[in-house]
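Remarks on the structure that follows.
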Amino acid sequence: MAAAISVTSLCLGAELRFKSGQTWRGELNDTVEVVYNEGGREQRVEGKVVRADSTMVVVETVSAGKTAKKSIFFGDVKSMKSLTAAAKTDSTSTTPATSGAKAEGNGTAGATAGASTPTAPDAKPSDGSFKGVFFLPMEGMVGTGLRHDEIEAIAKEADKAGPGQIIVLEIDSPGGMVLEAQRIHEILKDLKKRHRLVAWIKKAISAAAFTAMHCEEIYFMNLGSLGSMTMFSGMENVAKGESLEAWLALAGEVAKDSGRDPHIARCMIVKDLVCSYDIPEGGGPKDARFREDGKGQFLVDGPDTMLTFTASRALACGFSDGTADTTDELAKLMGLPEWKEYNESGRKIYRDWQALLERGTERMVELMVQLNYKGDTLGEPEKILATKLNIVEELIRWHDRCWSCAIKAQFEMGVGVPPKEYLEQIAKDIKKQIAEIRERNRENARRR
Amino acid sequence: MTLRTRLARTMRSTLPLTLVAPALVGAVSITLSANAPALASPAPVPTPSEDKALPLVAKPKVYVIPMKGQLGTDIHVDIYKKIIEDARKVKPDFIVFDMDSSDLPKSMLLEDPGDRREEWGIMDYDHIRTMVRALREDLGDVPQVMWVEDAFGASSLVALAWPNLYMANQARFGGLGGAIANIKARYSQEDVEAKMVAATAGGILGILEKGGYPTALGEALIYPEQVLSASFEGRKVNFRNDLEGQWLIDTSKDHAVSFRATTAEDVGLSDGNADTFSDLMFLLGYREFEQIDSGQKLFDDYVQDWRRAMEKVREYYNDSQETGGDLKGLQQAKSLLEKALTLLERYPAIEMRLGLPALKVKLDIDRLKEEINGIKRQEKETGRPGGRSGGGGGGRSAPGNGPGSR
């Protein structure tokens with residue numbers, strides 16, 4: 001085995017044994033000095049360790065007031081020592097660390113305040129303090145069924161329990177709006193600093209794949225698939241030039257920040273790119289070294305296809321941390337003593353939102369169709385206009401309550417709902433027409 | 001695997017190159033080939049998803065779950081939810097899924113396949129995934145066997161979600177080449193097409209992985225341009241999308257691979273061939289068994305009910321177009337559509353089959369109400385009977401837009 005890592009509960013102390021035989025024991029957020037190979041040269045970096053596991057060591061450095069992250073493949077690390085007093089460095093011992101420094105939270109593997117999690121599938125909470133995970137199912141298009149709002153809501157719930165919670169996002173989405181993906185990105189980027197984020201994949205295509213890749217831990221269901229992130233708008237206007245470059249850079253950064261090779265993300269965006277990998281002798285999937293050509297031992301993505309992972313392919317190259325069809329199986333893979341949910345909040349957030357989305361979408365479709373005929377048989381123009389006004393005003397209220405309903409109506413039911421501003425203008429015009437009719441009526445009455 | 005298959009494999013592995021197996025005309029041909037290593041291999045194949053072993057009992061209780069007729073309507077998750085409940089009560093020793101669902105008739109030379117196009121399986125991957133998950137997970141503690149009497153088209157995808165697969169001698173599976181071709185036809189921009197194809201393929205391959213079947217096989221089943229060959233390591237079959245394997249299964253780049261029972265068994269996709277339920281039981285090692293048919297009854301009743309209901313919906317809908325434009329006619333039309341709506345809401349299969357959303361009917365009813373109220377007001381105001389001139393129209397669809405075929 002190339003690396004030995006153990007993460008104890010609560011204290012979150014980690015132990016890494018490098019190829020050189022040197023062992024580092026410490027905790028996330030320790031200040032460390034890492035010596036590593038890069039481009040055939042020995043390099044050195046000093047900073048706060050924000051990730052340390054059998055795949056990657058990530059060190060946060062501060063230079064000229066700017067914070068930057070340096071990701072180093074585990075296999076490239078020659079040595080690592082902690083410069084803070086709390087951690088110990090041992091060149092021979094392989095005994096797991098038992099640091100006394102406890103993080104607040106519910107005590108699960110790798111979860112720690114202020115740092116992202118090292119994923120250690122065999123790590124188990126040991127002191128019985130595990131209170132459960134925050135579980136949020138997310139289903140539907142990004143922008144309608146899968147939104148930043150629900151992630152924000154579960155984050156608030158998790159924050160109430162203190163940092164270091166586990167948030168499991170169950171994703172079943174065909175993708176959707178880039179704008180919403182950007183909002184999700186901002187939230188998850190922040191959220192992963194204080195909680196352990198886990199994605200459990202039923203289906204994560206396009207913007208949903210991007211969402212999932214923010215999580216350090218990704219588990220698939222057997223039927224799951226993830227990938228195909230080409231960005232396009234309207235009638236097949238594929239992002240090109242600067243917008244493509246920006247998308248490639250962002251997706252690559254997200255992948256890298258979560259301990260994955262950025263090239264994998266790029267292969268999900270550009271068809272022509274190729275990706276293969278090698279697994280060093282005696283290594284496992286997590287030791288996979290990716291190449292930007294097809295000359296590796298195993299092919300991930302050929303030149304004529306867009307990369308979309310299935311469960312087994314993702315597992316084989318270490319992209320996924322395991323395959324689980326049930327919550328019990330997932331708990332086992334996550335190193336939890338059992339599947340337990342902290343409370344019902346995530347499921348309630350999901351249920352409430354899906355119910356509102358369904359009701360609101362159907363109502364908006366109804367209203368749009370009714371706009372064509374409702375009130376037409378009333379005879380009097382003022383009554384007809386008043387009926388139309390009621391419909392438009394209800395549409396505006398639905399816009400305020402559930403803007404995603406308008407998007408769902410358009411994309412999933414083929415009924416376009418005008419933007420709120422446009423509806424407001426229509427309402428204003430109708431009111432004006434009603435006022436004019438009333439004025440005319442008054443005028444007529446006066447003349448009579 | 002049967003003795004015949006083992007013998008066949010041993011024989012073939014000693015035969016010279018490029019010998020085409022004669023029994024495979026009409027499906028795929030297997031040719032032996034030299035085996036040369038390629039640069040990059042496909043990623044490792046999935047481990048077959050865990051399945052319970054069949055019980056060691058003398059006379060097992062076997063619960064039969066039919067999958068017959070049209071995928072997406074007859075074979076629909078709603079009825080399986082009821083069957084799952086029933087099976088839980090019965091507590092069988094194991095379950096046999098009896099699959100007979102094909103887009104193309106076996107007697108293709110005698111029938112025009114286009115004649116029954118409306119009976120072709122509906123490729124709704126979300127529905128397939130939901131159904132497979134329900135059956136595999138909710139009954140996951142009971143051993144399961146898939147017995148394919150025939151599965152040509154989308155249904156073969158469902159069959160491949162089960163690792164323990166047996167086939168009748170005349171059974172086929174495949175016919176999935178259209179899955180990707182249909183996606184390609186929808187998009188003109190190369191990258192968008194590639195994205196949609198990859199997303200669809202990912203979904204399909206995920207279903208195959210549930211049954212433990214390798215990606216290379218899945219890709220040959222859905223991509224016309226993918227070839228397929230296989231090599232054997234003992235009992236293990238390694239499929240590959242090149243012609244470097246020992247056996248060339250599909251060398252064509254023009255059509256996706258399909259299998260007949262014999263070939264499927266030869267390449268280890270099916271575990272054996274059985275023409276009757278008793279044969280299947282015998283093949284599984286049981287001379288005696290108790291066949292539980294309550295699932296069959298639930299299924300038959302459901303199919304009969306929803307199909308009868310569909311005919312009623314057609315009738316109600318068409319009749320609603322024929323009523324007059326006066327008050328009485330509009331009230332009749334409204335009443336007919338209300339009956340249609342009740343049935344549409346009870347059987348989602350009707351909506352799937354006819355492409356007639358319940359919401360549309362609901363809105364048609366609302367529009368009729370509006371017209372009825374208008375006429376009543378008019379009558380009240382004028383004291384004369386009101387109505388639309390010329391009849392028809394209103395919120396009602398033109399006859400050509402009503403329910404018919406998908």
Mind scanning A:Lys240/B:Lys195; A:Lys193/B:Lys210; A:Lys156/A:Lys420; A:Lys340/B:Lys195 and naming the pairs with a C-alpha gap bigger than 26 Å?
-> A:Lys193/B:Lys210; A:Lys156/A:Lys420; A:Lys340/B:Lys195
Please report the relative contact order for segment B:215-321, taking Cα pairs under 8 Å with a sequence separation of at least 6, and give it as a percent rounded to a whole number.
-> 17 percent
With R₀ set to 51 angstrom, the calculated FRET efficiency between the beta-carbons of B:Ser188 and A:Arg448, to the nearest 0.05, is 0.20
Label segment A:134-343 by shape, choosing from rounded, prolate and oblate, from the square roots a ≥ b ≥ c of the eigenvalues of the Cα gyration tensor; if a/c is under 1.5 it is rounded, and otherwise prolate applies when a/b is larger than b/c, oblate when it is not.
-> oblate
What is the sum of charges around B:Gly177, taking Lys and Arg as +1, Asp and Glu as -1, for the other residues whose C-beta is under 15 Å from the C-beta of B:Gly177?
-> -2
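Within segment A:134-343, what percent of beta bridges assigned by DSSP are antiparallel, to the nearest 5?
Around 30 percent antiparallel, to the nearest 5.
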For B:Phe232 and A:Thr31, extending 7 Å from Cα along the Cα-Cβ vector and measuring point to point gives, in nm, a value of 6.6 nm
May I ask you to derive the relative contact order of segment B:144-183, considering only C-alpha pairs under 8 Å and at least 6 residues apart, and to give it as an integer percent?
-> 48 percent
Assuming R0 = 45 Å, what is the FRET efficiency of A:Ile396 and A:Lys295, from their Cβ-Cβ distance, to the nearest 0.05?
-> 0.15
Zone of A:Leu179 (label point 7 Å along Cα→Cβ, backbone N under 20 Å): which residues in segment A:406-448?
-> A:406-426
Can you list the aspartates and glutamates whose alpha carbon is less than 13 Å from that of A:Lys286, not counting same-chain residues fewer than 8 positions off?
-> A:Asp53, A:Glu216, A:Glu217, A:Asp261, A:Asp278, A:Asp321
Using the Karplus curve 6.51 cos²θ - 1.76 cosθ + 1.60 with θ = phi - 60°, work out ³J(HN,Hα) for each residue of segment B:227-234 in order, rounded to whole Hz, and write x for Gly and Pro.
-> 8, 8, 9, 9, 10, 10, 10, x
PRE zone check, label point 7 Å out along Cα-to-Cβ of B:Arg287, amide N under 20 Å, scope segment B:57-96, hits B:57-62
Label 7 Å along Cα→Cβ of B:Lys376; segment B:303-330 residues with amide nitrogen under 20 Å?
-> B:324-330
Cβ-Cβ cut-off under 11 Å around A:Val59, Lys and Arg +1, Asp and Glu -1: the net charge is +1
Over segment B:156-279, what is the relative contact order in whole percent, taking alpha-carbon pairs under 8 Å and six or more residues apart?
-> 33 percent
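Over 18 Å between Cα atoms, which of A:Lys295/B:Lys236; B:Lys68/B:Lys360; A:Lys192/A:Lys332; B:Lys89/B:Lys297 qualify?
Pairs exceeding the cut-off: A:Lys295/B:Lys236; B:Lys68/B:Lys360; A:Lys192/A:Lys332.
Calculate, for B:Glu322 and A:Glu46, the FRET efficiency according to 1/(1 + (r/R0)^6) with r their C-beta to C-beta distance and R0 60 Å; round to the nearest 0.05.
Efficiency, rounded to the nearest 0.05: 0.10.
How charged is the neighbourhood of A:Asp293? Take every other residue with its Cβ under 14 Å from the Cβ of A:Asp293, and add Lys/Arg as +1 and Asp/Glu as -1.
-1
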Provide the per-residue ³J(HN,Hα) series for segment A:320-326, in order, calculated from phi with Karplus coefficients 6.51, -1.76, 1.60 and θ = phi - 60°, each as a whole number of Hz, with x at glycine and proline positions.
-> 9, 9, x, 10, 9, 9, 10
Once both label points are put 7 Å beyond Cα along the C-beta direction, the A:Ser243-B:Arg116 separation in nm becomes 4.8 nm
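None of the figures in this text is laboratory data; all of them are computed from the coordinates on show. Computed from a predicted model, the values in this text were never measured in an experiment. Backbone-built Cβ (ideal geometry, glycine too); neighbour counts: all protein chains shown.
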